[in-house]
Structure formats: structure tokens, C-alpha cells
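The values are calculated or read from the model by the stated rules, or taken from the named source; none is laboratory data. Remember, predicted model here, so these are calculated numbers, not experimental data. Backbone-built Cβ (ideal geometry, glycine too); neighbour counts: all protein chains shown.
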Amino acid sequence: MKQENNKAHKFGMVIDLDKCTGCGSCMVSCMSENNVPFKEDESNKKDSITWMRVYKITNGKSFPDTEIVYLPRPCQHCGGKGDHGHSPCVSVCPATATDYGYDTGIVSQIYTRCFGCRYCMGACPYHARYFNWWDPKWPEGMENYLSPNVSPRMRGVVEKCSFCYHRYQAARDKAYVDGRDDIEEQEYQTACTTACPAGAIVFGDLNNPAHAVHQIVKPDPHPDPRNKHIVGKSRNPNVFRLLERLGTNPKVYYLSEREWVRKAGDNYLEGEWDEIKNHHGSSSHD
Amino acid sequence: MKVDRRSFLGLGLGAVAGIAVSPVGIKLTDDSSIWTQNWPWTPVPVDGEVSYESSVCSLCPGSCGISVRKIGDRPVKIEGLAGHPINDGGACLHGIAGLQYLYDPSRVKTPLKKNGNTFEAISWEDAISLVAAKLADIRNSNAPERLAGIMDKDLGSVSALFKRFFNTFGSPNIYTLPTLESNLQATAATVHGKGQTIAFDLENADFVLSFGAGLIEGWGSPVNGFKANASRKERHAKLYQIEPRLSNTAANADKWIPVKPGTEADLALAMCAVILKKKLFDSKAVANFKGGVNKLNALLQKTYAPSKMAETTGVKSSDIDTIATLFAKAKMPVAVFGKGRGDGAQSLKELVAVHTLNCLVGNINKKGGAFVQPETAYLEFPAESMDSIATDGLTKAKAGRYAHQVFEKINAASQPVVEALFVYNANPCYTLHGADNIKKALGKIPFVVSFSSFLDETAKQADIILPIHTFVERLEDVPSCAGLAKSVVGLTKPVSPPIFDTKNPGDAIILIAKALEGDIAQSFEWDSYDDCLESVTPGIWDDLSEEGVAVISEGIPTGSVAVNVSFLADNPATVQAQGDDSLTLIPIDNMRLPSAGTAASPFAVKTVSDTILKGTDSVVEINPLTARGLEDRGYATLTTPMGTARVRVNLNEGMMPGVIGMVEGLGHDFDNKYVSNKGTNINDLIGPVIESGSGLDAAFGIKAKISKA
Amino acid sequence: MDSALIPEGAKRCSFPKFAIGIAIVGAVLLWGVYAMFLCWFKGLNQTNMNDYYGFALWIWADLAVIAVGGGAFFTGLLKYIFKVDELKNIINFAVIIGFICYSSALLILAIDIGQPLRGWFIFWHANVHSMLTEVAFCLSCYFAVLTIEFIPNILENRQVNRVPFFHHLAHNMHGVMAIFAATGAFLSFFHQGSLGGVAGVMFGRPFAVREGLLIWPWTFFLFTWSAAAFGPCFTLLVAKITETITGKKLVKDNVVHLLAKISGWMITTYIIAKIIDTIYWATVTIPSLGFKLSHFYTNNSFYGYWILITEVVLCGVVPGALLIIKSTRENPTLRLIAIVLGVIGVCLNRWVMVLQIMAVPVMSFDTWALYIPSWQEIATTILPVAYGIILIAITYRYLPVFPQEQELNSIEPATEAE
Ligand SMILES: Nc1nc2c(c(=O)[nH]1)N[C@H]1C(S)=C(S)[C@@H](COP(=O)(O)OP(=O)(O)OC[C@H]3O[C@@H](n4cnc5c(=O)[nH]c(N)nc54)[C@H](O)[C@@H]3O)O[C@H]1N2
Ligand SMILES: Nc1nc2c(c(=O)[nH]1)N[C@H]1C(S)=C(S)[C@@H](COP(=O)(O)OP(=O)(O)OC[C@H]3O[C@@H](n4cnc5c(=O)[nH]c(N)nc54)[C@H](O)[C@@H]3O)O[C@H]1N2
Ligand code: SF4
Ligand code: SF4
Ligand code: SF4
Ligand code: SF4
Ligand code: SF4
């Protein structure tokens, strides 16, 4: 059992919000890596497909005390309550068109199986899922830059960030050809990670203590004593997850030295933050 | 058989039941679902062998190394090149989206000739002979100076070929549009003497005092800037950002100091006053100032004391004092100038005032400071062959000091000032202030030749368009510039065969030269641009062709540098905004939109926030205090002395009261629905304001009013 | 003209009058059909749905018709299982309404999904964890049951019934109907519940999420209960409308009173449960996720506390009370007010459980998302209404839907047509 656990990967991300410049490279790298289409008017952000979306968040104060931060949001690859693989979206999909990879922790999306009921979109609190309201269309000749590694999606299905799963497959294939059991940390990096000019994104295996993500996050191996659904809470006081209290157990972690930024990651009742902010996993309770 | 009601119903039901239990239904159901998974109108990317080629991006002055992933012959993805001395891995969104430029069906696909209001396709042979014939006429009339040229920059071998062409043709009238590099050179020329440029060691500085430089908004070499900025966290280096708006750089900084637009020079001088008064300057450095600092000091203490500048700049005098002191006491401070991307309108007074801070604290050519170094020189061209028309022509006065003055002159004159104009890689009809006037001037030039990949605003004004390769299809040397603290030359390689009937601009100019025959042709005796490049880069060609990059210099420049602050001591006037309304409209530089002539790619436009562009409207930023009566996201009419625009309003607490911000890079009007006809070109709303003394267009903004629409 | 098809002894309006009525409603139907084809051929970009509003007007309409169609299973349950015999006088009509509601629901789903030709993947690649899988299975099976329940009534058409085979078939089907009614009740119980579960299991959506029993969140039980409670209101309402339009009394008062009484008690017990659920959710569930109740009802231009009060008090407590008190129940005006409020209440509940869920921001930096349906959505939502009217008109005209019709309306002996 223990061995099994050690073998399984749990790919995840840490995004340093103090470094992120909001430049949008990650968004474009994702779009071009994954054959994401574009249309004439993309200014209605509620129907604009951006697997990676960079939110702009303010501290709500008035001039000149205003502060802003950018928060890049790929799919959080939620592990669901207790990290058992029942992510909000996976558990609701009636056709098993989105699934949880127990060997990778990656939430997949099978376009040719999805029949477009959009239940998964309703279930995802991060708005990480996008529906193909239109046929994807490329101006004449532009389909020449489409990559064969990721199939373009047809109208009427849902799509989302895959943690660039095809890169994982390629890395795994290479390792196999080389006669290696496993891939190296640098062999599998997502397109947004490698694109980020600020080096704000770190990607790797949260289960592997040698990987940078693990070292930054220091995931708590025990469930949160305050809420047993929460697993893998970071023991780094500057690291947080989005809407952690819902028990979605995202594998995308955020890092910031600014307290208001960390607070913006979740919802808190009045006075609650001061009590919660110093709580960093089960060990801080010991 | 008698068909009665009973047997009829029976038969009918039997048939229904029969079909229902037969495999037909299941088969059809299955087939139809499979059909939906293979809709013929959803493209299926062609597979092939994967390969990677390294090259250099030349979409902006950044000169980043890129790695292009190919499937067979097809480039499918551009990414930053790991290990490249400038960007080491990362790339900006424009570079990554570069293939959208390559495959863009709205590119200029063949040479075009204006015919009334439309363009007709012609062959390269015809295009070159038309251009050559017109140029021959100009030369035959003994007025070669009436050929003018505009290029985006004065760097690298293609620009050098254009200059060579103008020299041997006999015209002194070749111009570049303002760039950060040209502003750096102008600053260096004023303070340190000609032929030099300034760079900033941002990777090592421990206190960066930025006067509006958009260090993460696309200033300088963008990706390099991002990296230097991000590394502050580990280095515990500080960034103080001075500008009217909470830009991304300001938001990312340790401190944001809002300043009234256009008063950055005053603020810098007030800080100089503090440093001089408190004797926080580096006495060794100051001892070497040519002519000393006494005159400057007297002026500063009298006119620019912090107490006097607090009202002007909107920064408290105690803050001016504190920040100047922090700056002077830091171990490796550097003051950075060039508002926004540093390429648009800038005032020389401001550039020099900020740089004087560097000179006073003695950080010139020190680790983490400002580097003053000679302009990069690595090209070795053979001597030009000049006929008498050329030698005579070159003695004539230039039509203006900068391009915008030439256009003004054209508009003012009744006789043609310029008979023919070459525009290479530049879009003055979009990027220069008062863009409408520039279009008017181009309309008055009898023969305009555009070397362009796109039918942009300027190309549309041309009589002949010579379509050129994009950076993905061409070979070219790309020297670094724009304040980068190291000097490298990268090689852009043709990673894709030409998609359309285009040429390398170097080849185009060689062909024109050859068609003109005589001495001009003799000066262009290469078989092709590719041959030319190899022969004019003898010192670095091996590195270039093998490594893709040649490092010319790295590290801290050595040698002493002259400093002369007499320009400031003469107290040049601070440029004022045109108009007399109470609000000031300023441009906003946003990393997701290029401010240069090239429109953003569809991907880049897609990333633009709806607080900047909504539908086809530009959204302007305004502080709620200033926006009396305006609703967030509501429509408004923005009026400046130059024009009016319908905009939407974004109430933004990060904007200084009294200021309206509008993004640069929107409002293109060429034929590409994904990127054009979206928003307003701010350069239509701002007119040029020429700074006396420098001749630069220094319009940092314009007075404006805004009301509910 | 069509008198040969009209039930013996029944009086119907002239055929041209009937045809004109059908034509008018048919035009609306065609408008809806046109919109439906637009959605199928051009895709869901014809709607104003977006990535925030993945579920919108249609899913509301779907849940609402299923809720009000609940009269069929509940009346069937009472008639066949609990042997409340008076209800035989309204069961045919309840079944027809149910049939209309469920066929409409299936049609709406076929328009709503992005890949209608792959709709069957829900069965083929079923995910047992998904409430929607449960919905799909139960919904389809129950629709089959409703069809079976409807068939005997069709076979009772004067002409069809002349064929001995159909005559006997109808007779025998009546005989075994209790089995189908029981199956139907069970299936309906489940899918009404699973529809409630659809919202309740979305643990990423604090407005929707509910704790519950075993694998089912409380909304599962509340939905079943509310459908059973309000469904009969809808049956009574449609009966009343039919009576008004035909100008005839079709169901005896004692039957109406009985169904109204049962409905009243169901509503009252349901609304108590709903109030307890709301209080528990507001004071225990959402605070544990960091939310205050006000988060869900303020800072937007539409969803205020009014919607909660209207749903629970005005359209829940009030009709419940009006229907359990004998005097108000037997007062035709007050009874009508009560059943109308009841129908609005259950529809409003389904609206809240579909659209308000999508509108509420969850991430602290997100904002309310409001949406206005496109005409195509509205047309396709009205489509089933037009279809329902037409089907009721046809069945009423040609089938002996109301067994008490003749008794209640003294009619001249019918003339033989052939
Ligand atoms: N995102 C995404 N997901 C996909 C696909 C995709 O293209 N994209 N492709 C889908 C397709 S087509 C497939 S077939 C599946 C493949 O999915 P899997 O069947 O999960 O394929 P593998 O991971 O290649 O192999 C499974 C395991 O078999 C082990 N194994 C190898 N040889 C043997 C053996 O001889 N005996 C035993 N007992 N074990 C052995 C391997 O070590 C590995 O752990 O993935 C599907 N999932
Ligand atoms: N290196 C490597 N080789 C493998 C495997 C592996 O894991 N690694 N796995 C093996 C296995 S198990 C399998 S099943 C095969 C799969 O091998 P392939 O069938 O080649 O699978 P893919 O490469 O996933 O997809 C093939 C092509 O289909 C396109 N495509 C995607 N969607 C559609 C669509 O809707 N319509 C049409 N017409 N085309 C579409 C994709 O863009 C892609 O170009 O590979 C086998 N070979
Ligand atoms: S690329 Fe990096 S810096 Fe730019 S927006 Fe994305 S995460 Fe932020
Ligand atoms: S972020 Fe959304 S789409 Fe991604 S796993 Fe979580 S619930 Fe699913
Ligand atoms: S839209 Fe597709 S992936 Fe999402 S729940 Fe429905 S079938 Fe599953
Ligand atoms: S991990 Fe890959 S798919 Fe996900 S946002 Fe990043 S680039 Fe896109
Ligand atoms: S910063 Fe400039 S050179 Fe570098 S990738 Fe972007 S556009 Fe190209």
C-alpha cells in the first residue's frame, strides 16, 4: 500500500504571486500549445476560452493605498474531498468524460466522449472549464500551426487545462525508450511554466520530496484537523490554495508574502482570518 | 391479401418492432456520434517528425532567443530558448504567438501596386523596376535628397543596407522612429558625449528607482527585465516606482510613488537637490564632472528644492527627501528612465535629470549601476562607391532633425519636399502623435514604397508594397539594445520556408540597388542578403552561425566616462501638455499589447482584459473622485484638442485623480477582424509637443475632458 | 367532421373552431421548433448561456416541468398503491400532464446538450457517481412507464377501441397498471431526488451544497417531496384551466377537494422541512465555508432576500395553509390562489436551484454573473407549453379523459356517424 502511494505521482504547481507580472505569456503559451481557438470578439470573458486565465485582484483600498496582484488560474486539478479523486467536476460528469488519474493526480477531459451537458462547469468553483459555444475556426492557413499532440475540440464540448498531459506522455515515452522507470523533474514541465518570463510558476511532483514544488509547499501528510476533507495543506506560511475550505483539494498552490493576497484566496467570516492565518497544517497544531 | 384495418395496424406495428430490434438503429446512432467526433470542418493537425530549431525573435527590441518546434516543415510552436544570454527560457506572449503573424492570411502575399483606391498584385520584377524607374527619375532631376526613408531602428545589417543605399543614392534623409535605444543614445550624447549608449545593471542593483519605466510593461528587453525584476525577491533588492498610475510595475514594486504626469523631471531634480544639499553624492565621481556642479547646485537649491516641488509633482517634500536619501545611501542604486516602454515621446530634460541621479551617486560603470558604453559595432561593410550626384546630395541639409518634423514640413509646404519615401518595418501613420497628420503627409508624397509584411496603416498609404519575410522566415542579425547590460548579437533564422511570395528586406534593397545600376549597384555586389550578412560580420559569423548568438561584451564596462551636466544647469523648460482642460490624458503601456506599429496577434488580443477593451471600445481608466457622473463600464465621450473618442469608463482607484489613462496599441484599422477595429488609437488623440532644445516630441499626454455619452 | 373519433356521448366544439385554435398554438410551436433547429444546426451559441451560466433557462424549465409533472406519479401512487379510489376520476388527466411534462423535459435536454447525437453516452459511458446519470436512467425509464400508463387511455378512443385486440389490451393493461404505477412512483421518487441532488452535490458551490443522508444531499429529498406536494397543484390548475376553456365541469368537487387537501398537507410538511434545511444551511453549512447568508442575497441587481421570502413564505407557507384549512380549501377563489401560488413556488425553487447557483460568486475576487436568455432560449422553452396545450386539446377531444364528464354535463345522446 505504502509502496503504491510512493509510486503514484501527484503533479502540482506553485505560482509565486509576488513574481507574477500579469504579462499573459502563460495564457498565450497555453493557447498555442493546446490548439485553443480564438474568435473575433474575445472581450466577453465569460465565453472566452482561456485554460489559463490571469485574474487581477485588488485590495479594495482607495488611492494611493490601492494594491493589485495577478493570479494565474489553470485548472486546479482538484483531488476532491479527502483527496480521494472525486473532484467537483469528475464526480458529476454523467458520461465519465472527465476523469481523475490516480497515477498522476491529473484531471483529464475526453473531448470525443463529452456530450456537452456542462454539469462539470457548474460544479467547478474556479471557472476553469470552458464550453465550445462555437465551432473552432482558424483563418485560412493558420491551421498550419496546429500541433498534432493535442486534438482540436469540436463545437459543443467542454475543455480545460490538462496540465499539458501530452508532455507527460512524451516524457514517459522517452523514459521508456531510454529504459528508465520514471521521468525526471525537468522532463515534464507544462507550457505555461516554461513560458513564464518571471519564473513565477514551478511545476513538479508534490509526492516527490526532491521536487521544487514539494519543497516549497511542504504538503501536510495528515488531514487538516479543522476540516478532515482538506488534505495536503501547505506547511509554508506564505502558501495557500484557492477556496481551500471547500475541500476541493487543488494541486495548484499560490505563494505570496502579502497577507491580503493570501486572504483573498478564500472566504472568511469576520474575524476568522486572524484566527486561521497562523494555522499551517496539522503539525502547527501539535 | 385483403388489407383491413387490423392487418394494416398489425403490419405497421410489426415493421416498427422489426426495425427497433434490428441493428439498424444502433448502427445509425453509433455512426452519427462518430461523425460528430470527426466533423470535417474541425481541423485535424497533420502529424510528422518533430524537430526544434533555435532562432531569435525580433518582434521587439528584446532580441530573445527562441526555440521553434516543427512538425515536418511546419513550425507549430515558439518558445523561449533555455540558456540564451538574454532571456534564458522565458518568452513574452508576442514572441510565443509569433506563428500567428507567420500564417496570417491578411499578410501582404505578393508585391502590390496601388491602383486608385485598391491594390493590385504584381510580380517582384515589375515592382522592382517600377521603384527603380521612379528613383532614377529623382536622381536624373539631380535631387536625390528628395528620397526619404523611415526605419524602425538603426541597428543591424538590414538597417545598415538601407543607410548604405541612401548614402550611395545621395540622400541624407533617412530617419528612425524614436526608440528606447535612440533615447538612451540621446541621453548619453548629452551627458557623456556622442557615440555611446546607456545600459542598466538591473540584475544586480539593490535599489531601483524607476521614473515610470515599465520594467514589466515591456520596457527595454522585456523578458530580461521580467527576470531581473523577479530575482529581486531572492536578492532582497528594492524597487520604487514613480508614476501617476498603479501600473503592473508599480503594483509589483516595494513602493509606488504617484506623481503628476509630466513632472518626473522636476521630481528627479528635487532629488538631486536633496543629494547635493545633504552632501550624499559620491565626491570622487562629482569631482570629475566637467565644469563642476556648482552652477547646477545653485539652480537646484533655488528652483527645485523639495519644498517647492511638492506642489508641482504631487509628492510630499518629506517623501522626496526620504527617497533621495535612500537612493543615495543604497549600496548599488540605479535610477531608470524612459517612461512606459521608453520608446514613445520622452523629454530629454527628464531623461537627463534622472540620469544625473546616477551620475551624482557615482554608480556609472559599477556593478548594479548604469553602464555607459560605446554603441555596438560589429559590422564591416566594404567602402561605398559614390558618384557625384551622391556626394552632392549628401551635402544637402536634412529635411528635419526627426521624422515628425519632416512630416510637418511636408504638410506645410505647397511644393513637394519629398518625391519618394521608403518605409521599412515602421508604421508612422499609427505610432506617431497626431497620426492623422502623418497620413495626410504621406498622401502628399508622390511615391511611397513600403517594405512590410502587413497591410498596416502606413502600408495602406503606399504606392508600392514590397512584402517582406516575417522573423520566422528570414535570416538576420539581431543586436541587443534597449538598456541591456550586455551586448550580444543573435541570429534570426528562416525556420519556415516563406509562406507567401515575400523576400528578405535585405534582398529587396539589394535588388533595387542593382536595378539602379552604376555606382549604386556596385556598392551592392552581393548575390543575396544571406551572402552579404556572412561577409559583413567576419568577426562574429562563426559564433552566429554555429551558436546562433555572439557575445560582444559582457560585464561592467571599463574606462572612465566624462560627465557634463551643463544641459541641466541651463535650466531647460519642462514640457507642458497641450490644451487647457483640467484633466490629463496619458498613454498606458500594457505588456499584452505592442505599442509599436505591428498590431497584436489574435492570441495577445484575446488576453487583453475587458477593463481595457470591451467589444470595439477602448476602456479608459479614471479615479472615481475624478469621474463625477460617470458610471463604471458606462460610455463616455473623451475630448482632447486633437479629437474625440467614444470610450468606456473603468473606475480605477489605482489612477491618480485628475488623470485619464488609455492603453496604447489599440485602434488599428487594417483588414484583420481579430485585431483591428478595436478601440481607439491614442496617438490620434495626442498631438506632438516639441521640446525646445532637444527637438524631441515630448508630449507625455494631453489635456482632456470627459463626459457621459 | 371528426365526430366519429369523439368519445361517445361527449360534446365538443366544431372542428373548424378546434382547428383554428390548434393552428394558433401551432404557430407558436413552429416558432419554437425553428429555434430548436437553430440550436441544433448552429450550436448553443444561439443562446445567451456562457461559461458562468452553463446551466440556465432550459435547465430551469426542465426541472420545473418535472416538478409540476410530479402530479402524475403522486396521484398514481395514491390511486394504485394507497387505493384512494376517488382519484380514478383525475388519474388519466394527471398521466397525460405527466407525459407532456416528461416528454418536454427530454426534448429540452436534447436541445440543451452540446452534442445531441452523443446524448446516449450518458448510458453507454455511465458514471455511477453522477446525479445526472441517475436522472437520465430514471427519467427515461419513468417516461417509458408514463407512456405505458398513457396507452390504455389512447386505446379507449372510440375507433381504436373497436379493434378487439386493442380493446382487450386496454382492459388488461388497466389490470396490471398498479405494477407500473408502483414502478413509476419509485422511479419518479428517485429522479426527482436526483435532480435535487444535482445541485446539492456540487460541493464547490456553497449556495447549492447540502449535507445529507448516505450518498444523497438533503436537496434530494426536498425535491421529491416538493414535486409530490406541488405536482397535484399543477394537475388541479390545468384541470381548472381546461374546465374554464371548455366551459364544462369535468371533475367533481369531492375529487378536487381531496387532491387539494393531500397537496396542502404535503406542502405544509415540505415547507417545514425546507425551512429547517434553510436554517441549517444558513447557520451551519455556509459559515463553515466562510460565507454569510447576506453574501447570497446582496450586492447584485436581482437576487435579493425577496426571492427567498417569496419562495418559502408567499408561495410555500401560504398555499400550504390555504389548502389544509377546510374553509379556504373549499372556497374556489382561495383554492385557485393557493394552487397558483404553489405552482409559482415550486418553479421559483427550481429557478433558485439552477440560476442563482450560477450567479453567485464563489472566489472572493469574482463578481455576480447575471444573464438574460436569448429569444431562441425563450422560444424553445415555450415550445413544450404549446406542445402541451395541443396534446391536451387533442386528447380531451378524442379520448375519454374525464370519466365524470358525462355525468356532470347532461348531454344529448350522441349520433352515430358511420
Ligand atoms: N489524456 C489522455 N489520456 C489517455 C489517452 C490520451 O491520449 N490522452 N489515451 C488513452 C488510451 S488510447 C489508452 S490505451 C490508455 C492507456 O492507459 P493505461 O492502460 O493506463 O496505459 P499505460 O500507463 O501505458 O500502462 C498501464 C500499466 O501497465 C504496466 N505494464 C506494462 N507491461 C505490463 C505487463 O506485461 N503486465 C502488467 N501487469 N503490467 C504491465 C505499465 O507499467 C503501466 O503501469 O490511456 C488513455 N488515456
Ligand atoms: N509513443 C507512443 N505510441 C503509442 C502509445 C503511447 O502511449 N505512446 N499508445 C498506443 C496506443 S494505446 C494507442 S490507442 C495509439 C493511439 O495512436 P493514435 O491513434 O495515433 O492516437 P493520437 O496520437 O492520440 O491521435 C491521432 C490523431 O487523431 C487526431 N484527432 C483527435 N481527435 C480527432 C477527431 O475527432 N477526428 C479526427 N479525424 N482526428 C482526431 C489527433 O489530432 C491526432 O493527430 O498509440 C499507440 N502508440
Ligand atoms: S507568464 Fe508568469 S508572470 Fe506572466 S502572467 Fe503568467 S505567471 Fe504571471
Ligand atoms: S479546477 Fe474545476 S475543472 Fe479543474 S479539477 Fe477542479 S473542479 Fe475540476
Ligand atoms: S459537459 Fe462533458 S465533461 Fe462536462 S459533465 Fe457533461 S459530459 Fe461530462
Ligand atoms: S498546464 Fe498546460 S494546459 Fe494547463 S494552463 Fe498550463 S499550459 Fe495550459
Ligand atoms: S520580448 Fe520581444 S524579443 Fe522577446 S519574445 Fe517578446 S517580442 Fe520577442
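Annotations
- The C-beta contact set for the stretch B:376-390 (first residue in contact (Cβ under 8 Å) with a residue 12 or more places away in the chain and among the aliphatic types (A, V, I, L, M), second residue assigned to a loop (DSSP other than H, G, I, E, B) and buried (at least 17 other Cβ atoms within 10 Å of the Cβ), distance under 6 angstrom, 6+ apart or interchain) comprises B:Ile389/B:Gly170; B:Ala390/B:Gly170.
- Residue within the stretch A:121-144 that is of a type in the set (S, T, N, Q), touching a strand residue (DSSP E or B) at 6+ places or on another chain (Cβ under 9 Å), within 14 Å of ligand 6 (Cβ to nearest atom) and free of Cβ contacts under 8 Å to residues at least 60 places away in the same chain present: no
- Failed criterion for A:Pro152 (all others in (1) over 28 Å from C:Ala56 (Cβ atoms); (2) of a type outside the set (Val, Ile, Thr); (3) within 16 Å of ligand 1 (Cβ to nearest atom) hold): (1)
- Any hit, the stretch B:578-586, residues being within 26 Å of B:Thr458 (Cα to Cα), among the polar types (S, T, N, Q) and in the same structural domain as B:Pro657 (by TED's automatic domain parsing): no
- Of the set (1) in a loop (DSSP other than H, G, I, E, B); (2) within 15 Å of ligand 3 (Cβ to nearest atom); (3) surrounded by fewer than 24 Cβ atoms within 10 Å (Cβ to Cβ), all apply to A:Thr21 but (3).
- Filtered residues of the stretch C:128-143 (kept if within 13 Å of another protein chain (Cβ to nearest Cβ), surrounded by fewer than 20 Cβ atoms within 10 Å (Cβ to Cβ) and not β-branched (Val, Ile, Thr)): C:His129, C:Phe137, C:Ser140
- Residues considered: A:Ser62, A:Ser91. Of these, the only one that is of a type in the set (Ser, Thr, Tyr), in a helix (DSSP H, G or I) and either more than 16 Å from ligand 2 (Cβ to nearest atom) or modelled with pLDDT of 95 or more (or both) is A:Ser91.
- Subset of the stretch A:162-212 (residues that are of a type in the set (S, T, N, Q) and within 16 Å of ligand 5 (Cβ to nearest atom)): A:Ser162
- Close pairs from the stretch A:37-49: first outside any loop (DSSP other than H, G, I, E, B), partner crowded, with 20+ Cβ neighbours inside 10 Å and among the polar types (S, T, N, Q), Cβ under 8 Å, at least 6 apart: A:Lys46/C:Asn50; A:Asp47/C:Asn50
- For the stretch A:154-179, a residue qualifies if it is within 14 Å of chain C (Cβ to nearest Cβ) and in contact with a Cys (Cβ under 9 Å, 6 or more places away or on another chain), and the qualifying residues are A:Gly156, A:Val157, A:Val158, A:Glu159, A:Lys160, A:Cys161.
- Conditions (1) within 14 Å of chain A (Cβ to nearest Cβ); (2) among the aliphatic types (A, V, I, L, M); (3) in contact with an Asp or Glu (Cβ under 6 Å, 6 or more places away or on another chain); (4) under 22 Å from C:Ala393 (Cβ atoms); number of the one not met by C:Leu57: (4)
- Selection count, the stretch A:113-150, where residues are aliphatic (A, V, I, L, M) and surrounded by fewer than 21 Cβ atoms within 10 Å (Cβ to Cβ): 2
- Evaluated against (1) buried (at least 20 other Cβ atoms within 10 Å of the Cβ); (2) more than 7 Å from every other protein chain (Cβ to nearest Cβ); (3) in contact (Cβ under 8 Å) with a residue 40 or more places away in the chain, B:Tyr103 falls short on exactly one condition, (2).
- Restricting attention to the stretch B:605-659, the residues that are in contact with a Ser or Thr (Cβ under 6 Å, 6 or more places away or on another chain), within 11 Å of chain A (Cβ to nearest Cβ) and surrounded by fewer than 16 Cβ atoms within 10 Å (Cβ to Cβ) total 1.
- For the stretch B:411-461, the tally of residues that are among the polar types (S, T, N, Q) and in a helix (DSSP H, G or I) stands at 4.
- Extreme residue, farthest from A:Ala170 (Cα to Cα), among residues of the stretch B:31-56 that are more than 10 Å from ligand 2 (Cβ to nearest atom) and either facing chain A (nearest Cβ under 7 Å) or assigned to a strand (DSSP E or B) (or both): B:Trp41
- The residues of the stretch A:89-119 that are away from ligand 1 (no atom under 16 Å from the Cβ) and farther than 30 Å from A:Asp182 by Cβ, listed by number, are A:Val92, A:Pro94, A:Phe115, A:Gly116, A:Cys117, A:Arg118, A:Tyr119.
- Test result for B:Gly291, more than 25 Å from B:Leu585 (Cα to Cα), assigned to a loop (DSSP other than H, G, I, E, B) and in contact (Cβ under 8 Å) with a residue 40 or more places away in the chain: yes
- Residue within the stretch A:251-272 that is more than 14 Å from every other protein chain (Cβ to nearest Cβ) and within 20 Å of the chain's Cα centre (by Cα) present: yes
- B:Gly342 being closer than 24 Å to B:Gly559 by Cα, assigned to a loop (DSSP other than H, G, I, E, B) and among the small types (Gly, Ala, Ser): no
- Comparison of B:Asp543, B:Asp610, B:Asp531, B:Asp632 shows that the only residue that is within 24 Å of the chain's Cα centre (by Cα), among the acidic types (Asp, Glu) and not in a strand (DSSP E or B) is B:Asp610.
- Total residues in the stretch B:449-506 satisfying the condition of being closer than 20 Å to B:Ile66 by Cβ and aliphatic (A, V, I, L, M): the figure is 11.
- The helices (runs of 4 or more DSSP H) falling completely within the stretch C:28-138 that include 1 or more residues that are under 25 Å from C:Phe186 (Cα atoms) and small (Gly, Ala, Ser) map to C:57-68, C:70-76, C:88-112.
- The selection criterion, being under 25 Å from A:His86 (Cβ atoms), within 16 Å of ligand 5 (Cβ to nearest atom) and among the charged types (D, E, K, R), does not hold for A:Lys251.
- Exactly one residue out of B:Asp477, B:Asp519, B:Asp570, B:Asp543 is surrounded by fewer than 17 Cβ atoms within 10 Å (Cβ to Cβ) and of a type outside the set (Ser, Thr, Tyr), and it is B:Asp570.
- Taken over the stretch A:103-113, the criterion of being near ligand 5 (Cβ under 8 Å from one of its atoms) and either at the interface with chain C (Cβ under 7 Å from one of its Cβ atoms) or outside any loop (DSSP other than H, G, I, E, B) (or both) is satisfied by A:Gln109, A:Arg113.
- Hey, A:Arg245 in contact (Cβ under 8 Å) with a residue 12 or more places away in the chain and more than 14 Å from chain B (Cβ to nearest Cβ) or not: yes
- The set of residues in the stretch A:40-52 that are within 10 Å of chain C (Cβ to nearest Cβ) and either more than 16 Å from ligand 5 (Cβ to nearest atom) or basic (Lys, Arg) (or both) comprises A:Asn44, A:Lys45, A:Lys46, A:Ser48, A:Thr50.
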